[in-house]
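I have placed the structure first, in the form of C-alpha cells, so that the comments after it can refer back to it.
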Amino acid sequence: MLITLLLFGYYVLTSMKSYLYDEEKINVTTTSNMVASFAAEYIDDETGYLDTISFDRFLKGLRVDSQMRVLVLGKDITVLYDSQNNQNLLGVAQVRPSVLSAINGTDGFVRYDRDDIISFDAAAPIINSDGKILGVVNIIYVPDTTSHFIDAILTEMIFLIIVISILIGVVIFIVANIVSKRIVDFTSKITSMSDDGILDEKLDISGNDEISRLGEAFNMMSEKVVNLEMQRVQFVSDASHELKTPLSSIKLMADSILQTPDITMDYVREFMTDMNNEVDRLNRIVNKLLYITKMDVHSNDENKNLELISLNDIVQGIEKNLQPLAKKADITLVTSAPGEIFLMANKDVLWQGIYNIVDNAIKYTDSDGYVLVALEQKNSFVTIEVRDTGVGISKEDTDKIFDRFYRVDKARSRETGGTGLGLSIALSAVKYHNGTIEVESDPGKGSTFRIILPDTVPEKEEEEEI
Ligand code: ADP
C-alpha cells in the first residue's frame, strides 16, 4: 500500500510539475514573441539604435509580469535594454543557446533547473518589415510561485501519505490481529488435539469467512477421524475376541488331554480333530483379516491393476468351485447369462467378492433349495444377481450384515465355518470397482444380493474382444 501510495504521489507530482512548466513555457515564449514583434518599431534599421525610453514606455504599457526580466539585444547579441535597469548588463553579450537560436531566426527556449531554482529562458528574433533580423528579445523568468506551489503540494502529499499509511497500518493491524488470533486459537487447539490424542475436540466457529470454513472443514475431518478411530478400536476388539474363542477351545482341549493321565487314544484323536478344526478356523480368520487389511491399503490406489475380463468366466469358475458344496447340501446351483459380458476389473478381487456372496447363499439355504446366479448388462451397468431360497435376513439385520464380524445366527455361521467377514470383504471388493450391493430379503423365504458395477469397457476393446 505504501509503495502504491508513493508511486501515485510521485506520478501526480511529476505530471503536475510538467503541466505547470508547460503553462509557464507557453506564457514566456508568447510574451517574448509578442514583445519582439513590436520591438522592431523602436530600433533603427540602419544603425541598430534602440529608443530605450519609448520602448520602456511601451513595455510598461504592456504590463508584462514583473518577474519576467525583458532584455533587448542588438544584432551582436549585446544588451541594449534591460527591464530591471541593471546598468552592468548593458553592452554585455548574452551567449546563451536561446539567444543564439533567436539571432539565427528561430525562437529559442531553455528551462534551467538548478539547485531547486527553475528559470525559463525564451528568446525571439526582432524582424523588421523587410525580414531583416535587428536583434533579439530575451526574457528570463524565475517564477517563485510555481516552485512554491509544487513545494506546498509536495508537503501536503507527504503529510497525506503519512496519515493514510498510519490509518492503513492501524486497520491492517486490527484485522490481522483478529484473523491471526483465530488462526492461533485453531492452531493451539489442533496441536493440543494431536499432542494429547483428544480427537473429538471441536473448533469454535463464528462467522462465515474463509477461516470459519477452514474450521468447519477441520471439524468434519476430525469427526471422520473419530469415527475411523472408533471403527479401528471396535475392529481390533472384535478381531481379538474372534481369535480368542478358537484359542480358548484349543487351550481347553490341550489341557484336558494333559490333565487326564490315562486318556485313551480314541479320546486323544477326537480332541485332536476338534483342535484341528479350531486351528483351521483360526487360519481362516487370520487369512481374511490379512485380505481385508490388504484391501483397505490398496482401495485408494491409483493403479488398481484392472484388466479386461470376462464376467462369465469368473461366474462359471465360482460355480465350478462351489458346485460340490451345493451338491453336498442338496442345493441346486444354477448360473445364467444373456451373453458374454466383459468388464475392466481386478480379476482376483472381483472373484473373491462374488464368491463370498454365492458361498453365503449356499451356506444359508437349507437342503432342496435353489441358488441362482444371473448376469445382466443394461444402461451402462453390469448386474450380478445372487438369489437363494434360504433362511432370509430380517430388515434390522440387512443394514448390519456388511459390518465386520457381524453374524445374524452365530451358531449357523460357526457350523458352516463362517467368520463374519465374508460380506465385508465382498463389499470392499465391489467398492474397489466403484460398485454397490443391494440386498432384498424375505425372512424364511430367501434373499437376493445384487452387485451393481459400472460398465467400464471401452467400446472398441469390447468389440475386438468379442
Ligand atoms: P459369515 O462368515 O458368518 O457368513 P458374512 O459376513 O459372510 O459372514 O455374513 C454375515 C451374516 O449375514 C451371516 O452370518 C448371515 O447371518 C447373514 N447372511 C449372509 N448372506 C446370507 C444369505 N444369503 N442368507 C441369509 N443370511 C445371510
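The values are calculated or read from the model by the stated rules, or taken from the named source; none is laboratory data. Predicted model, so just to flag it, every value in this text is computed and none were measured. Cβ placement follows ideal geometry from the backbone for every residue including glycine, while neighbour counts extend to all protein chains displayed. For the accessible areas, the whole protein counts, side chains as well, though only heavy atoms, and no ligand, DNA or RNA atoms are used. Shrake-Rupley method; radii C 1.70, N 1.55, O 1.52, S 1.80 Å.
Among the residues making up the range 422-454, those that are farther than 22 Å from MET295 by Cα and in contact (Cβ under 8 Å) with a residue 60 or more places away in the chain are GLY446, SER447, THR448.
Kindly indicate whether ASP22 is touching an Asp or Glu at 6+ places or on another chain (Cβ under 8 Å), loosely packed, with under 14 Cβ neighbours inside 10 Å and of a type in the set (D, E, K, R). Break it down into steps so the answer makes sense when it comes.
Working: touching an Asp or Glu at 6+ places or on another chain (Cβ under 8 Å): no; loosely packed, with under 14 Cβ neighbours inside 10 Å: yes; of a type in the set (D, E, K, R): yes.
Spelling it out, it is not the case that ASP22 is touching an Asp or Glu at 6+ places or on another chain (Cβ under 8 Å), loosely packed, with under 14 Cβ neighbours inside 10 Å and of a type in the set (D, E, K, R).
Condition check ((1) more than 60 Å from the chain's Cα centre (by Cα); (2) over 26 Å from LEU59 (Cβ atoms)) across all residues:
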| site | (1), (2) |
| --- | --- |
| ILE3 | no, yes |
| LEU7 | no, yes |
| TYR10 | no, yes |
| LEU13 | no, yes |
| MET16 | no, yes |
| TYR21 | no, no |
| VAL28 | yes, no |
| MET34 | yes, no |
| ALA40 | yes, no |
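Kindly indicate whether any position in the range 386-407 is in a strand (DSSP E or B), open to solvent by 30 Å² or more (accessible area, probe 1.4 Å) and modelled with pLDDT under 95. The answer is no; no qualifying residue exists.
Does any residue of the range 398-415 turn out to be touching a strand residue (DSSP E or B) at 6+ places or on another chain (Cβ under 8 Å) and more than 8 Å from the ligand (Cβ to nearest atom)? Within the range 398-415, one or more residues are touching a strand residue (DSSP E or B) at 6+ places or on another chain (Cβ under 8 Å) and more than 8 Å from the ligand (Cβ to nearest atom).
For the range 330-342, the candidate set comprises residues that are away from the ligand (no atom under 13 Å from the Cβ) and in a loop (DSSP other than H, G, I, E, B); within that set, the residue that is nearest to VAL457 (Cα to Cα) is ILE341. Considering the conditions (1) within 17 Å of THR416 (Cβ to Cβ); (2) within 16 Å of the ligand (Cβ to nearest atom); (3) in a helix (DSSP H, G or I), LYS327 is excluded by exactly one of them, (2). Going through (1) under 23 Å from LEU7 (Cα atoms); (2) open to solvent by less than 50 Å² (accessible area, probe 1.4 Å) one by one, ILE140 falls short only on (1). Could you please let me know if LEU203 is under 45 Å from the mean Cα position of the chain (by Cα), in a loop (DSSP other than H, G, I, E, B) and of a type in the set (A, V, I, L, M, F, W, C)? Judged against the criteria, LEU203 is a match. Remark: ILE437 matches the filter, which requires a residue to be modelled with pLDDT of 95 or more, more than 8 Å from the ligand (Cβ to nearest atom), part of a strand (DSSP E or B) and touching a Phe, Trp or Tyr at 6+ places or on another chain (Cβ under 9 Å). Which residue is farthest from the ligand (Cβ to nearest atom), if the candidates are limited to the range 376-388 and must be among the polar types (S, T, N, Q) and under 18 Å from ILE354 (Cα atoms)? Only one residue tops the list, namely GLN377.
The residue pairs whose first member lies in the range 221-243 and is of a type in the set (Gly, Ala, Ser), whose second member is modelled with pLDDT under 85 and not in a helix (DSSP H, G or I), and whose beta carbons are closer than 8 Å, counting only pairs six or more residues apart or on different chains, are SER222/LEU199; SER222/ASP200; SER222/GLU201; SER222/LYS202. Screening the candidates GLY417, GLY444, GLY422 for the property of being surrounded by 20 or more Cβ atoms within 10 Å (Cβ to Cβ), more than 40 Å from the chain's Cα centre (by Cα) and not β-branched (Val, Ile, Thr) yields one hit, GLY422. Of the residues that make up the range 48-55, is at least one touching a residue at least 12 places away in the same chain (Cβ under 8 Å), on the phi < 0 side of the Ramachandran plot and open to solvent by 60 Å² or more (accessible area, probe 1.4 Å)? No, the range 48-55 has no match at all. Taken over the range 242-258, the criterion of being under 18 Å from ASP403 (Cα atoms) and out of contact with any Phe, Trp or Tyr (no Cβ under 8 Å at 6 or more places or on another chain) is satisfied by LEU243 alone.
With the requirement that a residue be open to solvent by 70 Å² or more (accessible area, probe 1.4 Å) and among the polar types (S, T, N, Q), what does the range 222-263 give you?
ASN227, GLN231, GLN234, GLN259
Within the range 343-371, the set of residues being buried (at least 17 other Cβ atoms within 10 Å of the Cβ), part of a strand (DSSP E or B) and more than 10 Å from the ligand (Cβ to nearest atom) comprises LEU343, MET344, ALA345.
The single residue among MET16, MET68 that is within 30 Å of GLY169 (Cα to Cα) and touching a residue at least 12 places away in the same chain (Cβ under 8 Å) turns out to be MET16. Total residues in the range 372-385 satisfying the condition of being open to solvent by 60 Å² or more (accessible area, probe 1.4 Å), over 24 Å from LYS328 (Cβ atoms) and part of a strand (DSSP E or B): the figure is 4.
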